[in-house]
Amino acid sequence: MRKANVFRHESALPRMSWSPRNLYNLIARSTKPQLVNETTFNKTSMTMYQQRWRSKRLLRGYHGDWIPERRFKRWFLPSSLPSFHPAIAPQLKKLGHDADAKNALDTPTPPVKSLFVRDVERRIDTVVFRCCFAHSVYYARSMVLHGKVTINGTVVKDPGHLLQEGDLISVEPECIPMLNKHVAKRVQADRERLAPKSEPPKETAASEEANPTEEAKSNEASEESTEATTSASETENSSSTETSDSHSESTPSAKSETENNGLPQGVLPFNLPPFAAPFLFIPSYLDVSFRTCSAIYLHHPSLTTQLVRSRDGGNASAKTHSEYQYRTEIPSPYPAGGDMFGLAWELYVRNAPRVRADERRTKLLGRYGRNGFEAARAFEQDRRRVAIRRGWGRKRRISLPASPLKRSATN
């Protein structure tokens, strides 16, 4: 769960938050040599277990630090990782580009191990934060707990609810911090406090000191003119008060527009917190609509492929080489192709519980599922998994009794 000193600069652990202190930790993690060396394991004197433990500590600090470790292992750790193979090489062979197909196959392994945190990105609180509807995942979690988020029109108060492909997520606009009136006033006050104070120009002050007599003359003339106009204005005030009262009653939205910073009625003010620009990005597996404060969960986070072609030289006759690259859809402050994700996955595989996320969900659905067809299918799938694990059908042959027709024929 969230701690009080979660953004301390001594550890410099990045979190899912727009806090300026978290931005400082992100910059320090990539610039300070001491912190940069913690994420590289090329030249180190640590044991393999120490490397795995440090990788797990850094990754879990960003991906689900509010989820207890035991719950993460049991419900959000996948039982296996998918396999990805280049799919463009066969297409290039059909077109006759054999050299490009060989180069496409000779590529580094895809960062599959970064997908072991995929179920954390499927959580509803993480998706609300990724949609930029909350300035931190902790605030997004509180929004879900208070019933301010709906999925397909129904209120869901479980922050650990896993989204399925095609789900529609909606958030109440008044609960979004950027559209909140109180937060807008606070942000405006912070901007005025941080803005440089403007000093009056020196030329005007010098001119006022040089010509004091002209101001006195102008003041005397203005006093004489005001005395002459007061008598005429008093007679007009009695008639104007009636018209002003009727005008104010006919336009009640005038006060609301002035109170809402000149915006029409029903439109909420929009103010971003300071230092929020580096965090304003949306993953490719989400389709967000800021006008309706809703989003569609398109698909589960996965790896994307891209074929990049380059030439040996600048000449047009130079040979072109094609390189097949993988990119992960999981946002992370650490490189997906590095050693950290692999070391953390190895640690979890060795110390994970016997029944992990997907298998445990299937087991509970088969026992306590409400839908009859899905529960029966899950029960049969769980029984088959248990049979394979225990070795049924492999250690001894299953001999079936002969049918009555065969018995009569032998007799």
Residue that is charged (D, E, K, R), within 19 Å of Val120 (Cβ to Cβ) and crowded, with 17+ Cβ neighbours inside 10 Å, where the choices are Arg15, Arg57, Arg70: Arg15
Given the conditions (1) more than 16 Å from Gly64 (Cα to Cα); (2) at pLDDT 90 or above; (3) not aromatic (Phe, Trp, Tyr), and given that Leu115 satisfies all but one, which numbered condition is not satisfied? (1)
Please state which of the following conditions Arg370 fails to meet, knowing it meets all the rest: (1) surrounded by 17 or more Cβ atoms within 10 Å (Cβ to Cβ); (2) modelled with pLDDT under 85. (1)
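Table: residues versus (1) closer than 16 Å to Trp345 by Cβ; (2) in the same structural domain as Glu121 (by the TED database); (3) in contact with a helix residue (DSSP H, G or I) (Cβ under 9 Å, 6 or more places away or on another chain); (4) aromatic (Phe, Trp, Tyr).
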| site | (1), (2), (3), (4) |
| --- | --- |
| Glu10 | no, no, no, no |
| Ser17 | no, no, yes, no |
| Tyr24 | no, no, no, yes |
| Thr31 | no, no, no, no |
| Gln34 | no, no, no, no |
| Trp53 | yes, yes, yes, yes |
| Arg70 | no, yes, no, no |
| Lys73 | yes, yes, yes, no |
How many residues are under 16 Å from the mean Cα position of the chain (by Cα) and either loosely packed, with under 14 Cβ neighbours inside 10 Å or outside any helix (DSSP H, G or I) (or both) if we restrict to the range 138-166? 6
Condition met for Val171 (touching a Lys or Arg at 6+ places or on another chain (Cβ under 7 Å), of a type in the set (A, V, I, L, M) and on the phi < 0 side of the Ramachandran plot): yes
Out of the residues in the range 167-192 that are surrounded by 17 or more Cβ atoms within 10 Å (Cβ to Cβ) and among the polar types (S, T, N, Q), which is nearest to Ser294 (Cα to Cα)? Ser170
Mind counting the residues in the range 80-91 that are surrounded by 14 or more Cβ atoms within 10 Å (Cβ to Cβ), closer than 20 Å to Phe341 by Cβ and at pLDDT below 85? 1
Condition first: open to solvent by less than 30 Å² (accessible area, probe 1.4 Å) and either in the same structural domain as Arg130 (by the TED database) or modelled with pLDDT of 90 or more (or both). Can you find one or more residues in the range 36-50 that meet it? no
If I filter the range 382-393 down to residues being in a helix (DSSP H, G or I) and open to solvent by 100 Å² or more (accessible area, probe 1.4 Å), which single residue comes out as farthest from Glu359 (Cα to Cα)? Arg390
Within the range 152-163, residues out of contact with any Ser or Thr (no Cβ under 8 Å at 6 or more places or on another chain) and closer than 11 Å to Ile124 by Cα come out as Lys157, Asp158, Pro159, Gly160, His161, Leu162, Leu163
Those residues that are in a loop (DSSP other than H, G, I, E, B), open to solvent by less than 60 Å² (accessible area, probe 1.4 Å) and more than 29 Å from Ala12 (Cβ to Cβ), I need them from the range 322-366; list them, please. Pro353, Val355, Arg356
Are there any pairs, at least 6 apart or on different chains, whose C-beta atoms fall under 8 Å, with the first in the range 262-277 and exposed (fewer than 14 other Cβ atoms within 10 Å of the Cβ) and the second at pLDDT below 80 and among the charged types (D, E, K, R), and if so, which? Pro264/Glu257; Gln265/Glu257; Pro274/Asp190; Pro274/Arg191
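The values are calculated or read from the model by the stated rules, or taken from the named source; none is laboratory data. Owing to the predicted nature of the structure, the values given are computational and were not obtained by experimental measurement. As a convention, Cβ positions derive from the backbone with ideal geometry for all residues, glycine included, and neighbour counts pool all protein chains shown. What goes into the accessible areas is simple: the full protein's heavy atoms, side chains included, and nothing from ligands, DNA or RNA. Shrake-Rupley method; radii C 1.70, N 1.55, O 1.52, S 1.80 Å.
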